[in-house]
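Here the structure comes first, spelled out in structure tokens, and everything after it is commentary.
The values are calculated or read from the model by the stated rules, or taken from the named source; none is laboratory data. As the structure is a computational prediction, the values presented were derived from the model and not from experiment. As a convention, Cβ positions derive from the backbone with ideal geometry for all residues, glycine included, and neighbour counts pool all protein chains shown. Keep in mind that these areas ignore ligands, DNA and RNA; they rest on the heavy atoms of the full protein, side chains included. Shrake-Rupley method; radii C 1.70, N 1.55, O 1.52, S 1.80 Å.
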Amino acid sequence: MAVTHVHPPGSAIGVGIVGLSAFGGWAAEAHVPALQKLPGFELRALAASSVASAKSAGEKFGVGLTFDNVEELAQRDEVDLVVVSVQVREHRSLVLSALGAKKMVLCEWPLGVDLAEAEEIAADAAATGVRTFIGLQARSAPAVRYLRDLIRDGYVGEVLSTSVIASTMLWGRTFDRKNAYILDRNGGATMLTVPFGHTIDGLTSVLGEFTECTATTATRRGRVFDKHSGEPAVMTAEDQIAVTGTLNGGAVASIHFRGGHTRGTNFLWEINGTHGDLRVTGQTGHLGLGQFKIYGGRLGDTAVTELPVPVEYKLPQFIGDREQNAYAVAHQYAAILSDIVDNTRLAPDFAHGVDRHRLIDSVRRAAESGRRQIIQIG
């Protein structure tokens, strides 16, 4: 079906954020700073959980149109793009409301609480014909795009294998009460879906999709503690994820995600090829956050040396920026702007989000069954 939304050339894209709070949260920490520094967008509206909270957020962020429901926000002519930034359990109803108003939608990842819900949302979006975007921003991050080009241009030759070891900061011994929902294995926002999902999406954007996988998962800390009160709580979400598999082209992949923080390695990604090696390091096992250093060596090199990300991969207003939450998100918004204005296909859409849900579902089934899973993406 043809896209129903055509944006007037030269005009700013009006954004309405669902879930923007005066008291912080991902929308306030990532989306607002990104939009404030990017030409081509205007934050014109927001929706929050109540009239009072919406008004408070509007006053804090200078947003004139405030609502306590997505329906009114989506009906406004000033809003071209609805951004859904709330807990994943609420994604379905909010996204479907925005689609019903024929508005473009950027939904945070995960798209749904599970594969079936994600497929339903994507099918509805396809039926309406509007442009959609899924918040898998890691693939838009400068370091990841630079890695993709290094691999494409043959820096390591043929890729033989890749390995990742990552610690996620969350899902450790303690938790913050505001994030208690992430402890529930069935809540949609777990270590498997969020940091693993973001990072595996970045990895596959560089090296290609998985064709098969085996997996072992476990919840090693079933009892965790509120970091303020010390009160115990039950965690059913996995805090250990070990995946092995093969990628398109035959490269072997090994990924181990661990809950919490380690005094040792919190993020290390290596890519080994016939002509060289690449090494990526960072402070968090989440490619959608922060900035990462790349090291490489090839042919006659005896060790790896740093390969700084060239400035042309970075938005000028974000060179040297240390606002880690907004960094990759801003680069995804730049891709979204190109998609809307120039009809490119740079940012991942809901159909891509379903593919990523399929991979995660395959990992879960591999862990539960103990059997290798054949993965079909697309």
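Here Ala126, Ala118, Ala138 are screened, and the one residue that is of a type outside the set (Lys, Arg), more than 18 Å from the chain's Cα centre (by Cα) and not in a loop (DSSP other than H, G, I, E, B) is Ala126. Of all residue pairs spaced 6 or more apart or on separate chains, none has beta-carbon atoms under 7 Å together with a first member in the range 98-116 that is touching a residue at least 40 places away in the same chain (Cβ under 8 Å) and of a type in the set (Ser, Thr, Tyr) and a second member that is part of a loop (DSSP other than H, G, I, E, B) and open to solvent by 10 Å² or more (accessible area, probe 1.4 Å).
Checking the conditions here, which among Arg139, Arg92, Arg131, Arg152 is basic (Lys, Arg), more than 22 Å from Leu247 (Cβ to Cβ) and either surrounded by 24 or more Cβ atoms within 10 Å (Cβ to Cβ) or out of contact with any helix residue (DSSP H, G or I) (no Cβ under 6 Å at 6 or more places or on another chain) (or both)?
Numbers: Arg139 fails: more than 22 Å from Leu247 (Cβ to Cβ); Arg92 fails: either surrounded by 24 or more Cβ atoms within 10 Å (Cβ to Cβ) or out of contact with any helix residue (DSSP H, G or I) (no Cβ under 6 Å at 6 or more places or on another chain) (or both); Arg152 fails: more than 22 Å from Leu247 (Cβ to Cβ).
Checking each option against the conditions leaves just Arg131.
Of the residues making up the range 345-356, those that are assigned to a helix (DSSP H, G or I) and either open to solvent by 30 Å² or more (accessible area, probe 1.4 Å) or within 21 Å of Ala141 (Cβ to Cβ) (or both) are Phe350, Ala351, His352, Gly353, Asp355, Arg356. Is it the case, given these coordinates, that Val144 is closer than 30 Å to Thr274 by Cα, open to solvent by less than 10 Å² (accessible area, probe 1.4 Å) and not in a strand (DSSP E or B)? Taking the combined requirement at face value, the residue satisfies it. Residues that are open to solvent by 10 Å² or more (accessible area, probe 1.4 Å), closer than 17 Å to Gln137 by Cα and not in a loop (DSSP other than H, G, I, E, B) within the range 305-326 comprise Tyr313, Gln324, Asn325, listed in sequence order. Mind listing just one residue for me: the one in the range 22-45 that is in contact (Cβ under 8 Å) with a residue 12 or more places away in the chain, in a helix (DSSP H, G or I) and open to solvent by 30 Å² or more (accessible area, probe 1.4 Å) and, of those, nearest to Glu78 (Cα to Cα)? The extreme case among them is Lys37. Residues of the range 50-68 that are free of Cβ contacts under 8 Å to residues at least 24 places away in the same chain and part of a loop (DSSP other than H, G, I, E, B): Ser50, Gly62, Gly64, Asp68. Whenever a residue of the range 280-292 is more than 10 Å from Trp269 (Cα to Cα), its partners that are open to solvent by 20 Å² or more (accessible area, probe 1.4 Å) and not in a loop (DSSP other than H, G, I, E, B), lying with C-beta atoms within less than 8 angstrom and at least six residues away or across chains, give the pairs Leu289/Gln324; Leu289/Asn325; Gly290/Gln324; Gln291/Gln324; Phe292/Thr281. Is there a residue in the range 165-172 that is outside any loop (DSSP other than H, G, I, E, B), open to solvent by less than 30 Å² (accessible area, probe 1.4 Å) and outside the structural domain of Glu78 (by the TED database)? The answer is yes, given that some residue of the range 165-172 is outside any loop (DSSP other than H, G, I, E, B), open to solvent by less than 30 Å² (accessible area, probe 1.4 Å) and outside the structural domain of Glu78 (by the TED database). Does Gly285 fit the bill of being touching a helix residue (DSSP H, G or I) at 6+ places or on another chain (Cβ under 7 Å), more than 22 Å from Lys37 (Cβ to Cβ), open to solvent by less than 10 Å² (accessible area, probe 1.4 Å) and in a helix (DSSP H, G or I)? For Gly285, the condition - touching a helix residue (DSSP H, G or I) at 6+ places or on another chain (Cβ under 7 Å), more than 22 Å from Lys37 (Cβ to Cβ), open to solvent by less than 10 Å² (accessible area, probe 1.4 Å) and in a helix (DSSP H, G or I) - is not met.
Given the criterion at pLDDT 95 or above and in contact with a helix residue (DSSP H, G or I) (Cβ under 7 Å, 6 or more places away or on another chain), identify the matching residue among Leu359, Leu337. Spell out the reasoning first.
On the way: Leu337 fails: in contact with a helix residue (DSSP H, G or I) (Cβ under 7 Å, 6 or more places away or on another chain).
Exactly one residue qualifies, and that residue is Leu359.
Counting only residues that are assigned to a loop (DSSP other than H, G, I, E, B) and surrounded by 11 or more Cβ atoms within 10 Å (Cβ to Cβ), the range 359-370 holds 0 of them.
If you take the residues in the range 147-159 that are in contact (Cβ under 8 Å) with a residue 60 or more places away in the chain and part of a helix (DSSP H, G or I), which one is nearest to Pro348 (Cα to Cα)?
So in the range 147-159, the residues in contact (Cβ under 8 Å) with a residue 60 or more places away in the chain come out as 147, 150-151, 154-159.
Still in the running and part of a helix (DSSP H, G or I): 147, 150-151.
Numbers: Leu147: 18, Leu150: 21, Ile151: 20 Å.
Among them, the one singled out is Leu147.
Scanning the range 54-68 for residues that are open to solvent by less than 40 Å² (accessible area, probe 1.4 Å), more than 19 Å from Ala30 (Cα to Cα) and not aliphatic (A, V, I, L, M) gives a single hit, Phe67. Selection of first residues in the range 72-85 that are closer than 19 Å to Gly40 by Cβ and open to solvent by 20 Å² or more (accessible area, probe 1.4 Å) and of second residues that are among the acidic types (Asp, Glu) and assigned to a loop (DSSP other than H, G, I, E, B), restricted to Cβ pairs under 6 Å at least 6 apart or on distinct chains, gives an empty result.
Condition check for Gly297 on (1) in a loop (DSSP other than H, G, I, E, B); (2) closer than 30 Å to His275 by Cα: one failure, at (1). For the range 362-377, filtered to residues that are in contact with a Lys or Arg (Cβ under 9 Å, 6 or more places away or on another chain) and more than 21 Å from Arg145 (Cβ to Cβ), the residue that is modelled with the lowest pLDDT is Gln376.
Go through the range 230-250 and give me each residue that's over 24 Å from the mean Cα position of the chain (by Cα) and touching a residue at least 12 places away in the same chain (Cβ under 8 Å).
Of the residues in the range 230-250, the ones over 24 Å from the mean Cα position of the chain (by Cα) are 230-234, 249-250.
Selection gives Ala233, Val234, Gly249.
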